[in-house]
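These notes are about the structure you will find just below.
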Amino acid sequence: MDARLTAAVALAALLPATSLAGTLDSAVLQVLQSPSGWKHDRTLDDGLVVSTKAAAGTVAYRGELPLADNVDPDLLWKKINDIEGHPKVAGKLAEATIFLREGNTLEYFQVMHAPTLMPGSQRYWFAHTELENTVASNPDHRRRCWSGLPPGDAAEQRKGVQSRHPRAIEVAMTHGCWELQTRGAKVWLVYTTVSDPGGSVPAAVARSLVSHTLPENMRAFTRVARR
C-alpha cells in the first residue's frame with residue numbers, strides 16, 4: 001500500500017461518525033428481487049445459472065450458484081461482507097474503504113484498477129449497503145443489498161479518490177444484492193446487479209462486461225471460502 005493510500009485509509013478511519021447519508025433504492029431493488037421477468041441466459045459447467053431482465057432502464061443480471069461441498073457458507077458470507085478485504089479476493093480492485101458504519105449499515109467506496117490498455121476505463125463507485133443475516137425471519141436466507149450514493153454525498157472522500165485516480169470515472173448507477181439461500185439440501189450463492197458504468201462505454205459493451213464479470217466475481221469468492 002503506497003503512502004497516499006495509507007493516508008487516505010487512516011483519514012477515513014478518523015472521520016466523525018456522522019449520520020449515514022444514503023438509502024437503498026427500494027423501487028429498483030424490488031424489481032431485482034422479484035422472481036418474475038427473469039430470462040435464462042446460460043448455464044455454466046459448475047451449475048452457475050445466469051439470467052437477465054429489464055431494470056432501471058437497462059439490463060440486470062442474476063447469477064445463481066449451488067455451493068460445492070468444500071465451500072464453507074459461513075466463511076463465504078464473511079468474505080462477501082468484508083468489503084475492505086475485497087481487493088484480495090477480486091484482483092481488479094485497487095481500493096475498498098468503509099467510511100461510515102452504523103450497525104449492519106455501511107457506506108463505502110471501491111476503485112477498480114485501470115485496465116492496462118484502456119486507462120480511461122477505470123471506474124469507482126460510492127455505495128450504501130445494508131446487511132440482513134436473517135431475511136423475513138428465515139435463518140436460511142442471508143442478504144446484503146446496496147445502492148449507489150447520490151453525487152453530492154461523501155464529498156471529501158470523493159475528492160480523495162479523484163486526486164489519487166484523476167482519470168477514473170464514477171459509475172452512473174449501481175444497485176444489487178449478494179444472498180445465501182438454502183434450497184433443500186443445497187446452499188446457493190445468488191448475486192444480482194444492475195449498473196451503468198457512465199462515460200462513453202457503449203451499452204452493448206457494458207452489458208457484455210457485466211455478463212462476464214458476474215460469474216468471475218462469484219467464483220472468486222467461493223474459491224477463498226473453501227474448507
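The values are calculated or read from the model by the stated rules, or taken from the named source; none is laboratory data. Please read these numbers as outputs of a predicted model, since none were measured by experiment. We place every Cβ from the backbone using ideal geometry, glycine too, and count neighbours over all the protein chains shown. All accessible areas refer to the heavy atoms of the entire protein, side chains included, with ligands and DNA or RNA removed. Shrake-Rupley method; radii C 1.70, N 1.55, O 1.52, S 1.80 Å.
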Open item on the list: Can you confirm whether Ser195 is in contact (Cβ under 8 Å) with a residue 12 or more places away in the chain, touching a His at 6+ places or on another chain (Cβ under 6 Å) and hydroxyl-bearing (Ser, Thr, Tyr)?
Closed with: no
Task: Criterion (closer than 19 Å to Leu131 by Cβ and open to solvent by less than 40 Å² (accessible area, probe 1.4 Å)) met by exactly one of Val210, Val190, Val194 - done: Val190
Open item on the list: Let me spell it out: the conditions are (1) among the hydrophobic types (A, V, I, L, M, F, W, C); (2) touching a residue at least 40 places away in the same chain (Cβ under 8 Å); (3) open to solvent by 60 Å² or more (accessible area, probe 1.4 Å), and Leu180 meets all of them except one. Which number is the exception?
Closed with: (3)
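Would you check which residues across segment 191-227 are β-branched (Val, Ile, Thr) and assigned to a strand (DSSP E or B) and list them?
Residues of segment 191-227 β-branched (Val, Ile, Thr): 192-194, 201, 205, 210, 213, 222, 224.
Those that are β-branched (Val, Ile, Thr) and assigned to a strand (DSSP E or B): Thr192, Thr193, Val194.
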Open item on the list: List pairs: first residue in segment 129-142 and within 19 Å of Lys186 (Cβ to Cβ), second residue part of a strand (DSSP E or B) and modelled with pLDDT under 95 anywhere in the structure, Cβ distance under 8 angstrom, at least six positions apart or on different chains.
Closed with: none
Task: Filtered residues of segment 122-145 (kept if crowded, with 20+ Cβ neighbours inside 10 Å and touching a helix residue (DSSP H, G or I) at 6+ places or on another chain (Cβ under 8 Å)) - done: Tyr124, Phe126, Thr129, Arg142, Arg144, Cys145
Open item on the list: Condition first: of a type outside the set (Lys, Arg), at pLDDT 95 or above and open to solvent by less than 60 Å² (accessible area, probe 1.4 Å). Can you find one or more residues in segment 4-17 that meet it?
Closed with: no
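Out of the residues in segment 186-207 that are farther than 27 Å from Ala68 by Cα and polar (S, T, N, Q), which is nearest to the chain's Cα centre (by Cα)? Don't jump to the end; show me each part of the working.
Initially, segment 186-207 is screened for residues farther than 27 Å from Ala68 by Cα, giving 195-207.
Right, trim to polar (S, T, N, Q) and you get 195, 200.
Numbers: Ser195: 10, Ser200: 22 Å.
Restricting to residues being farther than 27 Å from Ala68 by Cα and polar (S, T, N, Q), the top hit is Ser195.
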TODO: Quick one: Asn70 ticks every box in (1) touching a residue at least 60 places away in the same chain (Cβ under 8 Å); (2) surrounded by 12 or more Cβ atoms within 10 Å (Cβ to Cβ) except a single one, so which number is it?
DONE: (2)
Open item on the list: For segment 90-135, give me each residue that is under 24 Å from Arg167 (Cα atoms), outside any strand (DSSP E or B) and not polar (S, T, N, Q).
Closed with: Ala90, Gly91, Lys92, His113, Ala114, Pro115, Leu117, Met118, Pro119, Gly120
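Residue-by-condition table, conditions (1) open to solvent by less than 40 Å² (accessible area, probe 1.4 Å); (2) modelled with pLDDT of 95 or more; (3) of a type in the set (A, V, I, L, M, F, W, C):
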| residue | (1), (2), (3) |
| --- | --- |
| Lys39 | no, yes, no |
| Ser51 | yes, yes, no |
| Leu76 | yes, yes, yes |
| Gly85 | yes, yes, no |
